[in-house]
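Asker: Can you keep this structure in mind? I'll have questions shortly.
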Amino acid sequence: MTSNIKPCKTIVGGIDKIEDAAFLIKSGRVVAFPTETVYGLGANAFDSQAVASIYEIKGRPQDNPFIVHIADVDDLDRVARCVPSAAIDLFESFSPGPLTIVLKKRHELPDVVTAGLDTVGIRIPAHIMARQLIKLAGVPIAAPSANISGRISPTSAMHVFEYFNGKIPLILDGGESQVGIESTVLDLTKSVPIILRPGSITLGDLKEVLGDVFDNSSIEQNKPESPGAKYRHYAPQCPAVCAKSIQSIIEIYDSNIDKCPVIIGAEHIKDKLGERAFLSLGQTSNDHARTLFSMLRRAEQHYQYIIVQYFDDDNATGIYAGLNNRIIKATR
């Protein structure tokens, strides 16, 4: 099979390169760009060949759909049909921001974007550079996270460069991602709205707008209706496990001392770990989500065995539902 990946010089640039990035999108190329969640690897959502090249660049399974990014609500009708009023209410409440809404797709949107599904996940990113890119390109942008499939999601331009140097022409650098875990995905095509992937927009947040919402994110899907719903994701290259209690974290660490282990967890557990190697996720729940992927990345570069704190059931509501979801998929 002929490869669509053409070796190229990869440029990393800031806002001064955004017009170049838009030109590349319009020309059928793939570029990386910042969002508030993680960095995305994007192409014109209506260019089936460009979208197909994302699968090849990432090594992504063909049955794993992409999210389509738009600049504002006015662009919804370009990619979705039969848009319910609930979708408008949600976009008005949480967008621009880390919420993806699954709707019935327009027939003009290529099946390669949605992995053959008749639905599409749509998001309005909060990062100003992402929205400027979409507006300048003049098209919705299909984009998964800008990582090699299954590997740790990127929260900086340098992470993307390390994955794809020589494989994509341009990476827009918009600084560190401020949310740090991927968007909440909510399916509005069922009789009751269903969370397919948890994120920083929580079940409680959604219930305040919609009332009845069902959380389906813990159920693995044979045919993914959302990114991150089936395959191992967010994973470091070395062995990684999660543990709830301080006791179990210490026991796992000490039983693997010959493997150069490290513990990743909330700042407040540090004093209970003695001299054991430790990488802090910070103090607040937002810190924990924002730094998880960068700490996993640092750990895989400097250690050989990773133990990640799993946040106990008392804390597993709100953003911790999304955080624990990523921890489980990174360590299973």
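Read-outs: derived from the displayed coordinates by stated rules, not from any lab. All of these numbers come straight from a predicted model, not from anything done at the bench. All Cβ positions, even for glycine, are placed from backbone atoms using ideal geometry, and neighbour counts span all protein chains on display.
Asker: Hey, if you put +1 on the Cβ of every Lys and Arg and -1 on every Asp and Glu Cβ in the chain, which of ALA22, THR10, LEU76 ends up farthest toward the positive end of that dipole?
Answerer: THR10
Asker: What pairs in LYS167/LYS259; LYS26/LYS105; LYS104/LYS207; LYS105/LYS167 have C-alpha atoms more than 27 Å from each other? Mind showing how you got there, number by number?
Answerer: Values: LYS167/LYS259 33 Å; LYS26/LYS105 21 Å; LYS104/LYS207 22 Å; LYS105/LYS167 30 Å.
Table pairs above 27 Å Cα-Cα are LYS167/LYS259; LYS105/LYS167.
Asker: Could you work out [θ]222 nm for the chain from helices alone, using -39500 (n - 2.57) per DSSP H run of at least four and dividing by all its residues? Round to the nearest 500 deg cm²/dmol.
Answerer: Details: 11 runs with 105 residues, N = 332.
For the chain, the value works out to -9000 deg cm²/dmol.
Asker: Once each part is reduced to its C-alpha centroid, what is the distance from the range 112-175 to the range 11-39 in angstrom?
Answerer: Rounded to whole Å, the Cα centres lie 8 Å apart.
Asker: Give the share of C-alpha pairs in each 10 angstrom bin for the chain, from 0 to the last occupied bin, in whole percents, shortest bins first.
Answerer: 6, 27, 34, 23, 9, 1
Asker: Follow-up. Quick query: amide H of ASP215 versus all other amide H atoms, modeled in the peptide plane; which residues come in under 5 Å with a sequence gap of 5 or more or a different chain?
Answerer: ILE195
Asker: Suppose each label sits 7 Å from its Cα in the direction of the beta carbon; what would the ILE328-SER149 distance come out to in nanometres?
Answerer: Rounded to a tenth, the inter-label distance reads 2.3 nm.
Asker: In nm, give the distance between the simple-model label positions of GLU251 and LYS190, each being 7 Å from the Cα along the Cα-to-Cβ direction.
Answerer: 3.6
Asker: Work out, step by step, the length gained on full extension between ASP20 and ASP258: first 0.36 nm times the residue separation, then minus their alpha carbon distance; give nm to one decimal. Walk me through the intermediate numbers first.
Answerer: Working: separation 238, 0.36 × 238 = 85.68 nm, distance 4.91 nm.
Fully extending the segment from ASP20 to ASP258 adds 80.8 nm.
Asker: OK, next. Give the percent of DSSP beta bridges with both residues in the range 240-331 that are antiparallel, rounded to the nearest 5. Provide the component values of the computation, followed by the final result.
Answerer: Values: 0 of 11 bridges.
Rounded to the nearest five, the antiparallel share is 0 percent.
Asker: Only residues of the range 28-47 count here: report those whose backbone N is under 15 Å from the spot 7 Å along Cα→Cβ of ARG106, or say none.
Answerer: 44-47
Asker: Between LYS272 and SER85, what is the spin-label point distance in nm, taking each point 7 Å from the Cα along the Cα→C-beta axis?
Answerer: The modelled label-to-label distance comes out at 4.9 nm.
Asker: Calculate the dipole size of the chain relative to its Cα centre from +1 charges on Lys and Arg beta carbons and -1 charges on Asp and Glu beta carbons; express the result in debye to the nearest 20. Intermediate results must be reported in sequence, preceding the final value.
Answerer: On the way: 34 positive and 38 negative charges, 201 e Å.
In debye, rounded to 20, the chain gives about 960.
Asker: Further question on the same structure: Fewest first, what order do ARG123, ARG131 take by the number of other Cβ atoms within 10 Å?
Answerer: In increasing order of surrounding Cβ atoms, one gets ARG131, ARG123.
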